[in-house]
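Let me begin by presenting the structure, written as structure tokens, before commenting on it.
The values are calculated or read from the model by the stated rules, or taken from the named source; none is laboratory data. What you are looking at is a predicted structure, and each value in this text was computed from that prediction instead of being measured. Every residue, glycine among them, receives a Cβ derived from its backbone with ideal geometry; neighbour counts consider all protein chains shown. With ligands, DNA and RNA removed, areas are computed over all heavy atoms of the protein, side chains included. Shrake-Rupley method; radii C 1.70, N 1.55, O 1.52, S 1.80 Å.
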Amino acid sequence: MRNFRERLLAVMLGLGAPSIAQLPPPPPIPRMPPHTTIAGPHRIVIPNRPAPVPVVLHVATTGSDDGDGSAARPFASFARAQAAVRRLNRDHDVTVRIADGTYRLAVPLRFTADDGGQNGFVVRWEGAEGAHPILSGGVPVIGWRIADHTRGIWSATIPKGSDPRQLDVGGRLAQRATVEIPRSAVAFHPWGLTITDPAWRVLTNLPDQDRIEVEGTSWFTHRHAMVERIEGDHIVMQQPGWRNNLVGYDTVARPVSAEVARLFLVNALAFLREPGQWYADPKAGALYYKPRVGEDMRRIAVVLPRLERLVSIAGSYDRPVRDLEFRRLDFRHTSWLQPSGPEGYASQQSGSYLAGALTDYPSDPIRDCSWGCRPFEAMRNRFAQQPAAVQVAAATRITFDDDRFSQLGQVALGIGNNADANDSGIGLGTSAISVTRSLFTDLAGGAIMVGGVQADAHHPSRPEMGLRDILIRDNRISGVSHDYKEQSAILVTYASGTIILNNDVSDTPYDGIDVGWGWGTNDPGGSAEYWRGQRGYYDAPGNIVYDTPTTLRDTAIVGNRVTRVKQWFPDGGAIYHLSADPGALIAGNYIADVAGSGGIAIYLDEGSRYVTVRNNVIDRVGGVWLNLNSQDHIAPKRTAMDNLATGNWYNSGRLQGSWTDYLNNRADGNIAVTGDAWPAAARRVIAESGVRPDAK
């Protein structure tokens with residue numbers, strides 16, 4: 001992978017306006033041969049033996065676990081196939097070929113070190129040629145009948161106790177019953193909300209009040225908290241979720257911008273008014289849905305998720321999972337349930353959230369901790385992460401190719417995230433992971449989340465915890481982050497040598513591609529922005545000033561097509577970067593149709609250093625084509641330095657930030673274009689951006 005990266009950078013840096021077609025393909029992952037001959041001063045000759053014949057096992061919905069796994073007598077379950085793999089993977093390449101159909105999982109699939117290839121062999125789980133079998137964490141809902149003719153609501157029976165946060169109707173996620181409440185109708189307090197508009201006091205008559213959720217969105221956060229009870233004009237909220245949503249930045253009570261801030265009430269039958277919305281009653285075992293125009297509930301397929309995650313791939317740092325591949329598989333139907341409990345989802349940014357009770361909680365959080373404070377900063381290195389539907393940790397040489405991820409209730413694919421975001425309890429520790437030619441669409445959360453956000457992510461306590469050589473290439477990502485709108489489509493926090501290449505990212509509420517974490521606080525020498533008494537980051541125990549770099553380095557974001565992003569939040573960028581990243585390159589990308597008058601195409605935020613931005617094409621951007629958040633206007637806050645922007649083309653937006661020699665931030669040789677009058681080199685970048693034709 002390192003040689004591939006060096007050749008890639010040589011092409012990008014040596015040709016000015018690069019041709020993506022000239023990029024070399026990644027090399028095959030090396031494998032140790034099962035037999036070899038060693039020559040040297042004391043020559044050892046190992047007799048020639050034929051290589052073991054690869055073994056193919058078969059799984060089919062019509063199979064039986066009493067079968068032998070042959071094409072004639074396939075297995076029925078993945079568990080049975082997994083047991084067979086473990087008997088064979090030490091001496092053979094093993095392929096598990098899965099026939100077309102839907103495989104409903106009663107429990108998540110778990111792959112440990114015993115399930116990967118042993119002794120240099122490879123294990124492959126793949127759909128049959130031309131098929132994409134579905135691995136589903138849900139169950140079908142049938143027997144629909146009209147429940148309310150006047151309101152056009154249908155109902156069906158579901159298992160009692162079922163209370164998911166997502167529902168698949170006709171192959172797409174439906175929205176829970178939701179109403180928007182004006183922020184002016186309530187006042188915010190540490191215990192909850194006071195209803196100030198008498199028209200909303202009818203809420204006190206609603207049943208099952210402890211299942212109602214309050215959601216707030218603003219500048220870059222999407223916050224969730226649960227109601228405990230409603231008494232008169234008091235909406236008393238469950239804790240600690242509500243209190244955690246009042247501290248930090250862009251909080252539910254004091255958002256960055258009141259103009260864009262919105263507030264919603266979710267999950268009551270009384271809120272079920274709009275077509276395409278639904279409500280579940282777990283006590284009665286009933287599901288309610290208001291069909292869209294053209295939907296026939298007697299014929300349409302409805303799937304209710306019952307699993308919180310689908311797949312866990314994790315070994316240990318001493319014995320990682322190795323040489324495991326997943327091809328032509330379709331992952332669907334999960335629902336992460338934690339936000340429906342007292343913790344809620346106190347989102348901070350892109351899948352990270354504040355959990356547990358803060359020590360030394362401020363007496364007046366709304367007044368004193370809506371733009372950072374010591375108790376909040378003490379938690380910054382302890383943020384939790386949303387668990388992905390498919391999880392990879394303590395693993396190397398893992399491949400996802402030509403897969404599909406849809407109708408999942410959280411981040412689709414998590415690679416080397418926090419231990420708290422992994423079913424195995426083991427996080428981080430991934431290398432040589434490739435995600436290629438796959439489709440991510442119709443997701444509650446983001447598509448791909450790489451890296452953790454706690455101390456072991458940026459400064460590993462043992463080297464095996466580090467992330468390196470992650471390849472994300474030729475993927476199509478569209479229509480993600482429906483229910484957790486603050487999540488970027490692709491996020492990489494701390495990793496070395498990540499390559500994000502030739503992806504097509506579109507139609508997202510937040511960012512397209514985000515790289516980096518920490519806002520410069522964990523880089524050598526720290527960040528002066530966080531020395532001040534107001535934030536107090538370095539006053540908190542465990543938040544130290546490091547003299548060594550983080551594991552973030554050598555990131556390449558090249559040849560991607562990022563369009564129609566930033567549709568909900570003003571903050572962030574179509575491509576967004578944080579913290580020091582020696583050797584980082586953002587080049588040859590096509591960015592278009594970034595929403596809003598303040599929309600930002602490329603954003604180098606706090607702490608960004610050593611980033612080269614070159615030969616990108618910026619088309620139809622509402623606000624800023626390139627933003628640098630150096631903050632040097634308030635001495636001594638110099639939070640972004642040593643960056644270069646050159647050779648970029650743009651037909652809209654402005655250059656913003658401190659591009660000065662003083663900070664060694666240079667922006668020169670960038671070319672303003674009128675309308676669509678792109679020069680030939682820019683047109684070539686546009687044409688070659690996104691998924692390559694031969695990779696579709």
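Taking all protein chains into account, the per residue accessible area for the stretch 277-408 stands at 32 Å² (1.4 Å probe). Rolling a 1.4 Å probe over the protein chains gives TYR546 an accessible area of about 40 Å².
Heavy-atom accessible area for THR674, with the other protein chains in place and a 1.4 Å probe, reaches approximately 120 Å². Label-to-label distance for ASP642 and ALA187 is 5.1 nm, based on points extended 7 Å past Cα in the beta-carbon direction. A simple spin-label model places pseudo-atoms 7 Å from Cα toward Cβ; at ASP210 and ARG367 they are separated by 3.3 nm.
Electrostatic bookkeeping for MET226 treats Lys and Arg as +1 and Asp and Glu as -1; over the other residues with beta carbon under 10 Å from its beta carbon, the sum is -3.
Taking the Kirkwood radius as Rh and the Cα radius of gyration as Rg, the chain has a ratio of Rg/Rh equal to 0.98. Restricting attention to the chain, lysine pairs at least eight places apart or on different chains and with alpha-carbon atoms under 27 angstrom apart total 5. When the charge dipole of the chain is built from unit charges on Cβ atoms (+1 for Lys and Arg, -1 for Asp and Glu) and taken about the Cα centre, the candidate among GLY598, PRO133, PRO570 whose Cα reaches farthest toward its positive end is PRO133. The distance linking the stretch 286-314 with the stretch 642-692 is 44 Å (Cα centroid to Cα centroid, whole angstrom).
Quick check: at a probe of 1.4 Å, how many percent of the accessible area of the chain sits on carbon and sulfur atoms?
Numbers: 13460 of 25900 Å².
Carbon and sulfur together cover 52 percent of it.
Tell me, which longest segment in the chain has none of the GluC sites (Glu not before Pro) that fall in DSSP loops with at most 14 further Cβ atoms within 10 Å? Excluding the exposed sites themselves, the longest stretch runs over 260-696.
Please arrange ILE300, ILE146 by accessible surface area, largest first, computed with a 1.4 Å probe and ligands excluded.
Numbers: ILE300 40, ILE146 65 Å².
Result of the area sort, largest leading: ILE146, ILE300.
If you add up the charges near LYS160, with Lys and Arg at +1 and Asp and Glu at -1, over every other residue whose beta carbon is less than 11 angstrom from its beta carbon, what do you get? Net of charged neighbours comes to -1.
The radius of gyration of the Cα set in the stretch 152-276, together with its Dmax, comes out at 15.2, 43 angstrom.
What FRET efficiency comes out for THR194 versus ARG110 if R0 is 51 angstrom and r is the Cβ-Cβ distance? Round to the nearest 0.05.
Numbers: r = 47 Å, r/R0 = 0.92.
According to the calculation, E is roughly 0.60.
Computed 3J(HN,Hα) for the stretch 656-671, one whole-Hz value per residue from the Karplus formula 6.51 cos²θ - 1.76 cosθ + 1.60 where θ = phi - 60°, is 9, x, 8, 8, 9, 5, 3, 9, 6, 9, 10, 10, 8, x, 8, 10, glycine and proline marked x.
Surface listing: ARG535, ARG229 arranged by accessible area from highest to lowest gives ARG229, ARG535, probe 1.4 Å. Remark: the stretch 47-180 carries a charge dipole of roughly 200 debye about the Cα centre, counting +1 on each Lys and Arg Cβ and -1 on each Asp and Glu Cβ. A Förster radius of 51 Å combined with the Cβ-Cβ distance from GLU231 to VAL53 puts the calculated FRET efficiency at roughly 0.10.
Full extension of the chain segment joining ASP318 with ASP547 gains 79.7 nm, where the gain is 0.36 nm per residue of separation less the Cα-Cα distance. What is the distance in Å between the Cα centroid of the stretch 531-586 and that of the stretch 351-408? So the two Cα centres are separated by 15 Å.
Give the shape of the stretch 434-485 as rounded, prolate or oblate, defined through the alpha-carbon gyration tensor: a ≥ b ≥ c are the square roots of its eigenvalues, a/c under 1.5 means rounded, and otherwise the shape is prolate if a/b is larger than b/c and oblate if not. Since a/c reaches 1.5 but b/c is at least a/b, the shape of the stretch 434-485 is classed as oblate. Note on ASP233: accessible area is roughly 50 Å² with a 1.4 Å probe, heavy atoms of protein only. Take the Cα of ARG683, step 7 Å toward its Cβ, do the same at ASP91, and the gap between the two points is 6.2 nm.
Taking a point 7 Å out from the Cα of ALA270 in the direction of its Cβ, the residues of the stretch 216-244 whose backbone N falls within less than 14 Å of it are 229-236.
Straightening the chain between SER70 and ILE142 buys 22.5 nm, computed as 0.36 nm per residue apart minus the Cα-Cα spacing.
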